[in-house]
Amino acid sequence: MHDRSRAAEGAVVGVFGDGEPLQRLRLGLSALRHRGADEDGVVLATESGLSREPLGDRPATAGVGSSRRPRLGVGPAIATLGGEELALAWDGGLVNAEQIWAERSAQGGLWRRGGDEELVLQLMAASPRNTLVNRWVDALGELQGGFAALLLTRERLLAARDPLGLRPLFVGRLGVGWAVASEQPALERLGARACRELDPGELLIVDRSGVVRLSPWPKRPARPCAVELGRRARPDGSLGGQALASVRRGIIERLAQDAPAVDAVSALFEEDWGAAAILGAVMGAPVTPVGVTLPGGEWVALPTACAGRRLLLVTDPERPAESIPPRLRALRRAGATALHLRLTWPVAVAPCSFGGRALDARRAAPEDLGDPARLDVESLGGVSAETLAAALPEPCLACFGEAPPLTAASGPGGGSAPLVPERGR
């Protein structure tokens with residue numbers, strides 16, 4: 001049993017060497033709202049230090065921002081290490097957080113338990129290295145899980161992506177400066193250009209002299225998160241060199257392989273229209289609304305669209321479980337002669353091993369959707385974990401029952417060599 005960190009869905013953005021970091025950070029974070037965070041915060045770097053607020057006539061030259069669930073704290077964490085102020089922006093979840101807390105506490109010392117940011121900062125403080133970069137590498141090298149992390153000082157911006165590439169991270173040029181963000185469209189929103197995806201296990205050092213790329217941990221086969229590729233990241237972006245719109249179209253198109261003959265394809269919920277349109281086009285069947293939502297929120301079936309017709313309905317299994325059967329019954333009462341239900345995503349059977357999300361008890365469970373007779377439909381099918389494995393490049397499928405990959409890199413206990421001379425910071 002793996003320990004799961006208390007991390008949740010979120011996003012990170014960083015800019016360096018730009019005269020309007022606050023505005024840029026807000027624009028970038030606004031493009032990442034879909035990643036499940038409710039609130040965000042920023043930290044700015046000025047000549048006098050780091051601050052969560054603009055400092056009047058002291059202009060900021062860099063900054064980092066992060067979106068997180070309110071219960072986890074808002075915005076990047078700020079700390080002081082060796083007399084230097086640091087701000088850590090974090091998106092990720094860890095397999096071995098509890099194990100590290102327990103081991104370090106048993107060794108003595110005051111290890112205060114907290115979120116992932118707290119753990120990373122304390123690991124940096126405990127590192128025997130005397131340079132910031134090496135402390136950063138030591139700390140991240142002890143972690144198992146997926147993460148995209150930014151570390152800001154007055155003079156530098158460090159960025160790192162986990163060795164398996166479970167969390168996305170992109171870098172782009174921003175005038176005379178640089179920008180880093182969880183997704184490519186966020187970089188474009190804040191005005192960056194010529195962006196590229198960081199390699200799994202890549203670390204960037206950005207300062208006034210430019211950008212240095214490092215690969216401090218042993219190379220591992222990439223295991224991108226299936227949820228990132230298939231639904232979490234924006235469809236107008238890319239991951240692993242693949243346009244996500246094309247990847248997702250390919251997944252939905254596979255639903256047509258066992259689809260029955262029908263008179264129309266429709267979306268069971270408004271959010272499913274994109275998938276319904278793709279499936280209808282592949283099958284050569286008309287895509288027709290079969291219900292409408294009234295101003296008060298009630299959904300009603302349309303007899304003119306249902307009566308005497310065989311319908312193929314598309315939906316996401318993560319809709320609230322109790323909301324699916326009432327709509328199916330309404331369509332049957334409106335005169336539909338056959339109902340075929342297709343799920344656009346596999347039903348998750350385990351929480352994410354890397355803290356990306358927890359199972360929601362309100363969502364449809366396998367036993368709720370596994371029996372066509374229980375739902376009163378003629379057939380039930382959908383995207384399976386096997387479909388994702390065939391459509392995506394070596395994805396991590398831990399939330400669908402596969403064993404999660406481990407991402408531990410060679411940390412200080414493994415005798416990793418210093419990356420930079422152990423002099424100064």
Hey, can you tell me all the residues within the range 194-247 that are within 21 Å of Glu142 (Cβ to Cβ), in contact with a strand residue (DSSP E or B) (Cβ under 7 Å, 6 or more places away or on another chain) and basic (Lys, Arg)?
Arg223
Filter the range 94-112 for residues that are closer than 17 Å to Asp138 by Cα and loosely packed, with under 15 Cβ neighbours inside 10 Å; which is farthest from the chain's Cα centre (by Cα)?
Glu103
For the range 50-82, which residues satisfy the criterion of being modelled with pLDDT of 90 or more and small (Gly, Ala, Ser)?
Ser51, Ala62, Gly63, Gly65, Ser66, Ala77, Ala79
Counting only residues that are under 20 Å from Ala261 (Cβ atoms) and modelled with pLDDT of 95 or more, give me the helices (runs of 4 or more DSSP H) lying completely in the range 286-383 with at least 1 of them.
303-306, 324-333
Checking Val133 against (1) in contact with an Asp or Glu (Cβ under 8 Å, 6 or more places away or on another chain); (2) under 21 Å from Gly210 (Cα atoms), the condition it does not meet:
(1)
Among the residues of the range 83-93, is there at least one that is modelled with pLDDT under 85, surrounded by fewer than 19 Cβ atoms within 10 Å (Cβ to Cβ) and of a type outside the set (S, T, N, Q)?
no
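The values are calculated or read from the model by the stated rules, or taken from the named source; none is laboratory data. Owing to the predicted nature of the structure, the values given are computational and were not obtained by experimental measurement. Glycine gets a Cβ as well: all are built from the backbone with ideal geometry, and neighbour counts include every protein chain shown.
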